[in-house]
Amino acid sequence: KSSDLLLLNLQNQKIHLWDLNEFFASQGTADLPTEPVRRYRGQHEKQGRYVIRSCFGGSNETFVVSGSEDSQVYIWHQQKGDLLKVLSGHSGTVNAVTWNPADPYTFASASDDHSIRIWGTATTSL
């Protein structure tokens, strides 16, 4: 269940997925995990000067999407960790992304270039 999953963006632009299900199921009596269950790779790892936000999305929250300091948007398969797409379209750091809660095939990205881009698929698969 995704409400028990935590995406953590690190300063070096790495993204880790933590599963807190066991901790929450035990009502806080179990130990917190010491290792992430997944590390999303493929994003350009440059300095890490800005806060970058990632999120779950798509049908059944199948995907992880993130902005980056290299002006691109990255999409991974949440369970497999595979990098699926790298999207260009901004000219500045992409600080935030969010999926459309009413349409699992559409999301938005916001950038330091003062633009917001709406992304979608022509079909129902990425």
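The values are calculated or read from the model by the stated rules, or taken from the named source; none is laboratory data. The structure displayed is predicted, hence computed values, not measured ones. Using ideal geometry, Cβ is built from the backbone for each residue, glycine included, and neighbour counts are taken over all protein chains shown.
Could you tell me how many of the residues in region 1-31 are modelled with pLDDT of 80 or more, in a loop (DSSP other than H, G, I, E, B) and either in contact with a helix residue (DSSP H, G or I) (Cβ under 6 Å, 6 or more places away or on another chain) or polar (S, T, N, Q) (or both)? Number of matching residues: 1. Here Gly81 clears all of (1) at pLDDT below 90; (2) part of a loop (DSSP other than H, G, I, E, B); (3) within 12 Å of the chain's Cα centre (by Cα) except the condition numbered (1).
Counting the residues of region 84-126 that are in a loop (DSSP other than H, G, I, E, B) and either among the hydrophobic types (A, V, I, L, M, F, W, C) or surrounded by fewer than 16 Cβ atoms within 10 Å (Cβ to Cβ) (or both) gives 17.
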